[in-house]
1. Which one is farthest from ALA94 (Cα to Cα) among residues in segment 133-181 that are in contact with a Ser or Thr (Cβ under 8 Å, 6 or more places away or on another chain) and of a type in the set (Gly, Ala, Ser)?
2. Considering HIS106, HIS101, which residue is within 12 Å of the chain's Cα centre (by Cα), away from the ligand (no atom under 16 Å from the Cβ) and surrounded by fewer than 19 Cβ atoms within 10 Å (Cβ to Cβ)?
3. Among PRO34, PRO85, PRO12, PRO26, which is within 16 Å of the ligand (Cβ to nearest atom) and either touching an Asp or Glu at 6+ places or on another chain (Cβ under 8 Å) or farther than 26 Å from VAL165 by Cβ (or both)?
4. Output the number of residues of segment 44-82 satisfying the condition of being more than 14 Å from the ligand (Cβ to nearest atom) and in contact with a Ser or Thr (Cβ under 9 Å, 6 or more places away or on another chain).
5. I need the full set of residues from segment 22-71 which are farther than 20 Å from ALA103 by Cα, in contact with a Phe, Trp or Tyr (Cβ under 8 Å, 6 or more places away or on another chain) and not in a helix (DSSP H, G or I), in order please.
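None of the figures in this text is laboratory data; all of them are computed from the coordinates on show. Because the structure is a prediction, the values reported are computed rather than measured. Don't worry about glycine lacking a Cβ; one is built from the backbone with ideal geometry, like all the others, and counts go over all protein chains shown.
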Amino acid sequence: MTTRPDLSWLPPGLGTRPVDLRRGLPIPAVNVHPDGAVDFISINSEKAVELAVTGRCALCARRMGGPVAFLGGPKAAEAGFYSDPPMHEECAEAALTLCPHIARPHVRRASERRREHDATHAVGFSDEKPSEWVLLVCDGYGSTLAPAVDGGVVPIFVVGDVLRVRRFGYQEGALAEITEE
Ligand SMILES: [Zn+2]
């Protein structure tokens, strides 16, 4: 018998997502592929664009009113371009805790070993795990297409005016927010 994990602390949108019982994780909207398969590693780019264009969160698929958040490494934050679409700040915070790739320092992205879906990424975008995660809160966003490493194009999301930048680093094997004096 499988016990449903306690996810009662999740933000309301994520709390209503279907749960992957094997991993005990809510399934982000952007990780559901057209064939219905769930892949926590690669995003469904059509879905990513659809969610972003309709102003909905990449993780919980509910509407985002007001500021939005992007989650990635310092390079993406500096450049203001992301391959992952925008999300609610509280959903991004939950992802920092829940996503095994993010939450623990030594978990390598499974895409380094295998790819279930043909994930490609934009030229100049690293697929490597950053040493630090940046949660960037901004007042809006746009989207465009960028050349991909496989010769095609992939959507990328462009950050609007930045309101806040929160940084998270690994301390003693766990991810913690870096607070500045
Ligand atoms: Zn959300």
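1. GLY152
2. HIS101
3. Only one candidate passes the filter, namely PRO26.
4. Residues in segment 44-82 being more than 14 Å from the ligand (Cβ to nearest atom) and in contact with a Ser or Thr (Cβ under 9 Å, 6 or more places away or on another chain): 9 in total.
5. Hit for segment 22-71 is VAL68, nothing else.
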